[in-house]
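To start, the structure itself, in structure tokens.
What follows is calculated from the coordinates using simple rules that are stated; it is not laboratory data. Since this is a predicted model, take the numbers as computed values, not measurements. Counting neighbours? That spans all protein chains shown, and the Cβs are built from the backbone with ideal geometry, glycine included.
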Amino acid sequence: MTAETSGASLAAMLIFGTPVAYRIATTAFRGKTVLVTLFELPLVLPPAVAGIGLFAAFGRTGLLGGRLGALGIELPFTAAAVVMAMTFVAGPLYLRQAQASFAAVDRDLLAAARTLGAGPWKVFLQVAVPLAGPGLGAGAALAWARAVGEFGATIMFAGSLEGVTQTAPIATYLQFEQGDFGAALALGAALIAVSGVVLLAVKLIIRGRALRFAPM
Amino acid sequence: MTFPVRDFTIDAALEVDAPTALVGPSGAGKSTTLRLIAGLLRPASGEISCNGRTWFGPGVDVPVERRRVGFVFQDYALFPHRNVIGNVAFEARRDPDEILRQLGIGHLARARPRDLSGGERQRVALARALATDPQLLLLDEPLAALDPGTRSGVAAELAGVLERTRVPTVTVTHSYEEATMLAEHVVVIDQGRVVQAGTGAELLHSPASRFVADFAGVNYVAGYADGPVVHLPDGTLIHVGDAAAGPVAVLVAPWEITLGLTPPTGTSAMNHLQGPVERVSVQGNRARVRVGGLTAEVTPGSLERLGIRPGVSVVASWKATSTRVVPRADGRR
């Protein structure tokens with residue numbers, strides 16, 4: 001359950017966040033600061049507030065929820081809601097890191113690719129992304145870890161339906177509250193182990209790549 | 001075209017029909033001009049066209065990737081995540097292997113950029129630019145990243161390659177020697193404006209200003225001409241070969257000036273200027289000695305024989321026929 005939703009959330013962050021971060025890092029446009037602040041806002045919000053916000057926007061009586069409901073789409077208390085909550089809270093972590101990684105890429109390399117005749121997408125995919133790769137990987141690992149641990153926004157917006165929206169952290173909390181300390185501890189230990197292994201793997205991959213690209 | 005930068009506005013009109021060098025001091029706007037031509041920067045106004053096709057003008061702004069310029073960056077900007085052949089094959093329209101062979105770097109195809117020497121990197125950057133079969137080749141200080149020892153050798157090779165490829169080139173440099181090696185047409189830029197344009201020999205022979213004279217390495221002394229003599233502001237008289245009148249500059253090449261410890265006797269040289277040596281610099285088999293605002297070029301052997309070093313009083317002598325007199329546009333001073 002947690003693996004699927006956090007995986008989907010990570011995929012959403014990578015697919016949408018990477019080009020947005022590249023655009024923000026490499027171009028100047030009006031309202032950039034405002035936009036970046038808006039993206040970073042979920043970082044400083046208490047997750048419960050983020051959950052309330054999502055509910056207010058997409059809940060049955062929410063700003064967009066009514067219209068979605070008319071189309072037969074209901075988000076709250078579904079797996080999609082879990083993914084949304086995770087992305088909302090963890091996405092900015094990835095976006096920030098990706099933006100910094102793209103900003104650190106030598107602009108002349110991007111310029112060189114363009115003078116050679118590469119269009120914007122080729123420059124992005126074949127020059128910017130490989131060169132920002134280690135940083136993107138680190139950002140993805142952090143964001144994924146944050147998504148796995150997501151609690152506040154998820155429980156507000158997606159609830160805790162066993163097998164549907166009950167993620168591992170929420171299950172841990174519920175077991176604990178029901179007095180089953182042993183089960184809560186076991187779940188917690190499993191979470192720590194999985195997160196630790198994934199983070200370690202990402203770090204090793206990044207180090208290998210960083211060595212390969214090390215300047216001179 | 002015009003383009004505002006920090007302290008001034010670049011306002012340059014260039015016509016490139018022969019290999020051209022853009023020269024001038026750091027911050028003169030040379031590299032910016034090159035980036036404007038390539039489309040990496042957008043001019044505030046003006047027009048850029050190449051082979052009859054407008055790249056920039058009213059309502060036209062062809063994106064960089066469709067201008068087909070070959071751009072060699074100052075630090076070469078090789079893709080660190082690709083090997084040499086991977087760099088050259090990126091968007092290549094010609095056979096990358098063939099180009100590497102032509103430039104004598106076929107054996108480096110599998111090497112990573114970070115394992116190459118400066119001269120090799122420069123050739124890879126050139127190969128990558130030529131592989132796209134460009135209509136115009138732009139080189140931004142192509143020799144600046146090299147150490148002085150290898151620079152002249154690489155410059156000669158580069159000159160040979162540019163001559164063979166027959167692609168029109170614009171090279172940015174701040175060295176007169178490099179400019180004359182790599183281009184027929186030399187355009188001097190200062191503060192974003194074209195100060196003078198011509199062949200290297202023309203600039204050396206009749207520099208339009210002290211700035212151009214300094215750049216070409218010829219002594220430029222401002223004064224007032226009165227027939228066969230020129231009066232300097234400090235009262236010194238300089239005998240010149242050509243009679244003139246009014247504000248002029250006297251030009252003397254450094255290698256026409258001889259140095260002695262005492263005023264020479266029994267010589268045909270009519271001009272003598274005594275003063276302490278201000279500066280001495282030795283480059284290879286030439287020593288440049290700065291005395292009384294002039295630069296004299298002698299051999300390091302002469303330096304040693306005469307004991308010339310900063311502070312020693314010397315006499316600089318040269319013949320009236322070694323001088324040239326050019327009118328000064330700036331009037332007084």
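The figures follow:
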read-out	value
Bridge type composition, chain B - antiparallel percent by DSSP, nearest 5	75
Residues whose placed amide H lies under 5 Å from that of B:Val172, excluding near-sequence neighbours	B:Leu22, B:Leu139, B:Asp140, B:Glu141
Cα-derived Rg over Rh, computed across segment B:95-162 with Rh taken as Kirkwood radius	0.94
For B:Ile257, distant residues with modelled amide H under 5 Å away	B:Glu297
Fewest-first ranking of A:Thr27, B:Thr173, using other Cβ atoms within 10 Å as the exposure measure	A:Thr27, B:Thr173
Values of log10 I(q)/I(0), in the order q = 0.11, 0.15 Å⁻¹, for segment B:2-211 under a Debye, Cα-only, solvent-free model	-0.52, -0.96
FRET efficiency, 1/(1 + (r/R0)^6) with R0 51 Å, evaluated for B:Glu278 and A:Thr27 via beta carbons	0.50
Space enclosed by the convex hull of the alpha-carbon atoms of the protein assembly as shown, per residue, Å³	225
Per residue convex hull volume, Cα atoms of segment B:161-315, in Å³	152
For q = 0.20, 0.21, 0.23, 0.24 Å⁻¹, Debye-computed log10 I/I(0) when each Cα of segment B:227-292 counts as one equal scatterer	-1.01, -1.08, -1.20, -1.26
Förster radius 60 Å - calculated FRET efficiency between A:Val44 and B:Asp95, Cβ distance, rounded to 0.05	0.60
Taking B:Leu41, B:Leu232 and counting other C-beta atoms within 10 Å, the order from fewest to most	B:Leu232, B:Leu41
Span-like helix ranges in chain B, DSSP H, alpha carbon extent 24 angstrom or more, Kyte mean at least -1.0	B:148-165
